[in-house]
Amino acid sequence: MQTKPENDTDLRLKINSETARLPWTELLKHFASGTVVWVANSLDLVDVAVRISHDDKANISQWMAAGLLGKVTDQQAEAWLAADAALWAAVVHPFILVQEEKPKVH
C-alpha cells in the first residue's frame, strides 16, 4: 500500500535534509535544460517536492492553474541573475524546485 504524500514522513525528512540555499548562477545550466521549477512563497517547498514525488496530479494541477508552480521564466531567470539571488532548492528528479527566500517578518 502506498503512503499518502501528507503521511510520507521518511521522504519529507530526506527532502528537507537535502534542501539547500544556492546561488542562481549555480542553477543556470539546469534552467537552460528546462528542469528548474519555481514554487511560490505561499507554498511549502518540501511539501511540494513530496507531492511531486508522489505524482499528486490534483494538487500539482491546482497550483499550476493558480500560478503558484511552473517552469522558471526567462524574466525570473534574468531578474535573479541581475540581483545575484540565492534561492532555496530541492531536487525531485528530474526537476530542481526553487523558491525565493521568504521575506522576514519583524
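The values are calculated or read from the model by the stated rules, or taken from the named source; none is laboratory data. Nothing here was measured: the structure is a model prediction, and the numbers come from that model. No Cβ is skipped: glycine too gets one built from the backbone with ideal geometry, and neighbour counts run over all protein chains shown. Each accessible area value is taken on the protein alone, full model and side chains, heavy atoms only, with ligands, DNA and RNA left out. Shrake-Rupley method; radii C 1.70, N 1.55, O 1.52, S 1.80 Å.
Over the chain, the fraction of Cα-Cα pairs per 5 Å bin, rounded to whole percents and listed from the shortest bin up, is 2, 12, 24, 24, 20, 11, 5, 1, 0, 0.
Here the dipole of the chain is about 80 debye; that uses its Cα centre as origin and unit charges on the Cβ of Lys and Arg (positive) and Asp and Glu (negative). In the assembled protein chains, ASP44 presents an accessible area of approximately 80 Å² (probe radius 1.4 Å). The loop-placed trypsin sites (Lys or Arg not before Pro) in the stretch 56-106, going by DSSP, that have at most 16 neighbouring Cβ atoms within 10 Å of their Cβ come out as LYS104.
Overall, the accessible surface of the chain at a probe of 1.4 angstrom is composed of carbon and sulfur to the extent of 56 percent. Mind running the shape call on the stretch 52-103? Use the C-alpha gyration tensor, a ≥ b ≥ c as the square roots of the eigenvalues: rounded below 1.5 for a/c, prolate if a/b tops b/c, oblate otherwise. Since a/c reaches 1.5 and a/b is larger than b/c, the shape of the stretch 52-103 is classed as prolate. Extension gain, HIS93 to GLN62: 0.36 nm times the residue separation minus the Cα-Cα distance gives 9.1 nm. Ligands, DNA and RNA are left out, and with a 1.4 angstrom probe the accessible area of the stretch 1-63 is 60 Å² per residue.
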